[in-house]
Amino acid sequence: MPRSSLLKGLVGALVGGIWFVTATPSSSADSSSVFSPAPITAPTSPDAARQRIAALRAEIAHHDALYFQKAAPEITDAAYDALKRELRALETTYPAEAAAIAQPVPIVDDHNDGFAKVAHRTPMLSLDKAYTEAELRAFCVKTTTKLGQTTNFVVEPKIDGLSVSAIYEHGKFVRASTRGNGREGDDITANARMIRSLPHELRASNPDGTHNVIPDIIELRGEIFLSRAEFTRLNRERFAEGEPQLAHPRNVAAGTIKSRDSNETAERHLDIVFYSWGTCEPTSSSPTTQQAFHAQAKAWGLPVLETFQVVPSADEAWAAVQALGQKRAKLVAPIDGAVLKLDDVVARTKFGESDHAPNWAIAYKYAPERAVTQLRGFTIQVGRTGLLTPVAELAPVALAGSTIARASLHNREQIARLDLRLGDFVFVERAGEIIPEIVGVDVTRRPLQTEPFAFPTLCPACNSPVIAAEDVAAVLCANSTGCPAQLRERLAHFAGKSCVDIKGLGVATIAELIASGHVRTPAELYALKLETLATLSGFRKKSSAQLLAEIDRSRRADLWRFINGLSIPRVGPATAKLLAKRFASMEKLAAAQPADFSADLGKATTQAILAYLAVPNNRALMLALAKVIPRAELPSTATRLKGETFVLTGRLPTLSREEVVRLIEAAGGVVASNVTKTTDYVIAGTDAGEKLTKAQKLNIPILDEMKLLQLLKSD
């Protein structure tokens, strides 16, 4: 398309604080197009091979750091695997040149500073990959040929999460660590204990009365992941709150389990599943087949794979892998492939292992479902924190059973990295099989003389300059007090279910109140009059009175709901409850100084709160709210444990963690994640761990279930 024609097709518009840039489509979407990356030109000399090997090692090391340390990959798994395969092929063809390069071979390592390192008793290896039917069949043939007989294989789903090793001693959970470099990983025990599906003790007896053998020590291998439902829930909440969408469930799981803030770990409902083991002592208690392990793990009460299949041949193995691929979208956990393992544990000893993977197993990676469609425009959304989030507007295209018309672009850096331009034909995949994501551009179909997209330097809602956000690749509108889009989203958040819950106060009504100048802050909602509401679209005397009654009712909401409604960065419901417990009133929180915050919150959260309080308008809002809230404390019906902080550890005989939290909060108490000097009680059940030990050192009262119930019943 000539440049003049393309420019004529561009349309820019500002609607409701959202900026649109669109292009006239040149052709329809093509869901049948196949992505064919440019062929790699093989080096023609040893010197060229040496240069390419060095370049590949550097590039892979860069992507390893993003994926394993920061949980923020720039490229897809398929693109990364292609780099690894090219490097391995070159190192095999040119061994002398590879050995002569001072730059070391990239070693996968997920270690992060701030976490203690833990040595694995048995190395925690990765898996070799297969990408075609021929490669999978070759593995089966090689295995049976070496054994000299037919054998069973087990086909399992390959969970797309963070690899974990969990140690149980005499049936009790004692430690969890990441893979790290395969020899030692990060100690994530404290955060792993927040995973509800992780049992703190192996089950010794079955419902039918039979006994389970409990090893003295067993090193279980598994995966920490974020379920499809939880990933969808988190993104739904973030969308409602004007925050950028999470890109991939695996990245969220990895980032959460490595969080320094246990409150964040608790609020995101991670899951865990076990599918293998390392050291098992005594060895007589070790499973003799992969099938036996699955049965034993289930008997112990461990979370196990949703499905697996035992097959006797390459034909049936391929059929099982394909069948699993057909139903992967229906599984609870996101998967990116299938794992084929030799079933017989004794037979595995004949194969050994390489420096990075066992020779008796292989992972088949599914090709991502991909569609090609045209990028018709960019939408810039402004959230309640001022964050500008770009969204790609696409020609509708079918992908994985749904019609896709939009895809999140996360931030301006992603647009620049992909070099997205209006009118481009783009490759769209579902990240983690869940959300649509643009992964590349078909530059061969790019309209002529297009130019890179210019991210707005002014807020589309208020025309104020945008500024770079700290520590994230994003930009913010600097006009936090006057931007109508921010005001609208903050008021909608304040009135939402997770805050004071004002029913009947929708986004359209909020926008009209802002436009008319009647409301700009949450405190001004409580000054609204009947005659003011009656002037709004769709409101009559009865509906106006109903909304005023709802606003008045919200005055009596718990203090933590008002704090959560302030839109303080890094403050969600759990942190808001801790702040309400510690400060007891909005006035005291508004006057808080650095020394007033406890270690419960974590350094980053404390800094975010102090930064919020440093803005005069924010303190003024808090004091204004304090004047209109009749009781800026917990309700009188929930004062029995008012001012008391509890920490849970271990498993109670009859009460679940959720039930305990509900009982304590109903009585005015607060449940925290970490034991500190300000903790009032620690509730300890079976398999209580480090938190109990710390509580004993600090002489904090320890309660069992019976004592907790007695405390709840006391006057």
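Quick notes on this one:
- Pairwise FRET efficiency - GLU369 versus THR676, Cβ, R0 = 45 Å, nearest 0.05: 0.40
- Taking 0.36 nm per residue of separation and subtracting the Cα-Cα distance, full extension of the segment from ASP81 to ASN212 would add 43.0 nm.
- A simple packing score, the average count of other Cβ atoms within 10 Å per residue, orders the peptides 52-65, 442-455, 164-177 as 164-177, 52-65, 442-455, with the highest score first.
- GluC sites (Glu not before Pro) restricted to DSSP loop in the stretch 405-495 with at most 15 other C-beta within 10 Å: GLU470
- Candidate lysines - alpha carbon under 17 Å from LYS627, same-chain residues fewer than 8 apart omitted: LYS588
- Label zone at THR122 (point 7 Å along Cα-to-Cβ), backbone N below 16 Å, the stretch 332-357: 341-354, 356-357
- Helix content alone sets the calculated 222 nm mean residue ellipticity of the chain: runs of n ≥ 4 DSSP H residues at -39500 (n - 2.57) each, divided across all residues, give -10000 deg cm²/dmol.
- Full extension of the chain between ALA468 and LYS642 gives 58.5 nm of extra length, using 0.36 nm per residue less the Cα-Cα distance.
- Whichever lysines have a C-alpha closer than 17 Å to that of LYS581, once near sequence neighbours (fewer than 8 apart) are set aside: LYS642, LYS677
- Amide H contacts of LYS158 (H built 1.01 Å from N, in plane; Pro and chain starts excluded): ASP336, GLY337, ALA338, VAL339 sit under 5 Å, all sequence-distant by 5 or more or on other chains.
- Reachable lysines from LYS129, criterion Cα separation under 23 angstrom, eight or more residues apart if same chain: LYS84, LYS142, LYS146, LYS158, LYS327, LYS341, LYS350, LYS365
- Amide H contacts under 5 Å for ALA130, placed H, 5+ residues apart: ALA363, TYR364, LYS365
- Phi angles across the stretch 334-342 convert, under the Karplus curve 6.51 cos²θ - 1.76 cosθ + 1.60 with θ = phi - 60°, into 3J(HN,Hα) values of x, 10, 10, x, 10, 10, 10, 10, 5 Hz, Gly and Pro given as x.
- Evaluated over the Cα positions of the stretch 432-524, the convex hull gives a direction-averaged projected area, one quarter of its surface, of 10.3 nm².
- Using C-alpha pairs under 8 Å with a sequence gap of at least 6, the mean separation divided by the residue count of the chain gives a relative contact order of 12 percent.
- Amide proton proximity set for LEU399, modelled H, under 5 Å, gap of 5+: ILE404
- Gyration tensor verdict on the stretch 637-713 (Cα atoms; rounded if a/c is under 1.5, prolate if a/b is larger than b/c, oblate otherwise): oblate
- Two-site FRET efficiency, THR481 against GLN607, from Cβ-Cβ distance with R₀ of 25 Å, rounded to 0.05: 0.70
- Phi-derived couplings, Karplus 6.51 cos²θ - 1.76 cosθ + 1.60 at θ = phi - 60°, listed residue by residue for the stretch 495-506: 7, x, 5, 7, 10, 7, 6, 8, 5, x, 9, x Hz, with x used for Gly and Pro.
- Computed from backbone phi, the HN-Hα couplings of the stretch 657-670 come to 4, 4, 5, 5, 4, 4, 5, 5, 5, 5, 9, x, x, 10 Hz, rounded to whole numbers (Karplus: 6.51 cos²θ - 1.76 cosθ + 1.60, θ = phi - 60°; Gly and Pro given as x).
- A cysteine counts as unpartnered when no other cysteine's C-beta lies under 4.7 Å of its own; in the chain this applies to CYS140, CYS280, CYS499.
We did not get these values from a lab; they are worked out from the coordinates using the rules stated. Everything quoted here is computed from the prediction, not taken from an experiment. Here Cβ is always computed from backbone atoms with ideal geometry, including for glycine, and neighbour counts include all displayed protein chains.
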